[in-house]
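Report on the following structure.
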Amino acid sequence: MDTIRHDESVMVFTRKGEETLLNFNGTDSWSLDPSRVSKCKYVICVCNARHPLSEKTENHGEGFLVGKISGVTKPLNGVYPDRFMIEFDEYAEIQTDMIWKGKRNPVSYIRTKDFKIDLDRLDFQKVPVRDMDYVLKIQEEEKEFNAQISKSSPKKESPETPQGLSIADAKLGLSIKYEIPVENIEIILKG
């Protein structure tokens, strides 16, 4: 193993659970530096239980899955062309204490040797073949949710009388886009 190449691991704060991550063969749609992530050996998935679409409702901020990175590619849905998918071909389930300390960016990096678990000693299993039917089902659910959010946002009546965006709607939209809890979003207005 090239120790310089694998000096750090990437952590993602995700609303998706084990089933989705395994059926996708990775974790999808992240704003990240693909060249930096391609030098990482592991992706550590941390539970975002407070996201409106979260598949896990407990253990917020705790690590639950580690994947051996096999590639960094464009996301499967193609909706966000500037984002990336971190693919993995082997995984191990883990259980950690709270490791996500309210960072604003849902992607962060940690020196692998500083992680409280020795990732090289985990019992990794092969990821099953990607289930595209499952992927399409999840993508359709996300699309429907985003359409509902769009419908509930106030409409502008005309350029002369703009309604604007409420702070609550802005926080909800940012929460969905960046997959962070609404309560971790601060908006400062200067007039």
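The values are calculated or read from the model by the stated rules, or taken from the named source; none is laboratory data. What you see is a predicted model, and the numbers here were worked out from it, not measured in a lab. We place every Cβ from the backbone using ideal geometry, glycine too, and count neighbours over all the protein chains shown. Ligands, DNA and RNA are excluded from the accessible area calculation, which covers all protein heavy atoms including side chains. Shrake-Rupley method; radii C 1.70, N 1.55, O 1.52, S 1.80 Å.
Quick rundown of the values:
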| item | result |
| --- | --- |
| Pairs beyond 20 Å (Cα-Cα), from LYS74/LYS143; LYS16/LYS177; LYS41/LYS103; LYS101/LYS190; LYS39/LYS74 | LYS41/LYS103; LYS101/LYS190 |
| Accessible surface, per residue, of the chain when the full set of protein chains is kept, probe 1.4 Å, Å² | 58 |
| The chain: C-alpha gyration tensor shape, a/c 1.5 cut-off, then a/b vs b/c | prolate |
| Once exposed loop GluC sites (Glu not before Pro) are cut out (DSSP; at most 10 other Cβ, 10 Å), longest piece of the chain | 59-156 |
| Among beta bridges that DSSP assigns inside the chain, antiparallel share in %, nearest 5 | 85 |
| Between 0 and 90°, nearest 10: helix 132-152 axis offset from the chain longest Cα axis | 30 |
| Portion, in percent, of the accessible area of segment 1-96 that falls on carbon or sulfur, probe 1.4 Å | 43 |
| Cα gyration tensor, segment 1-87 - rounded (a/c under 1.5), prolate or oblate | oblate |
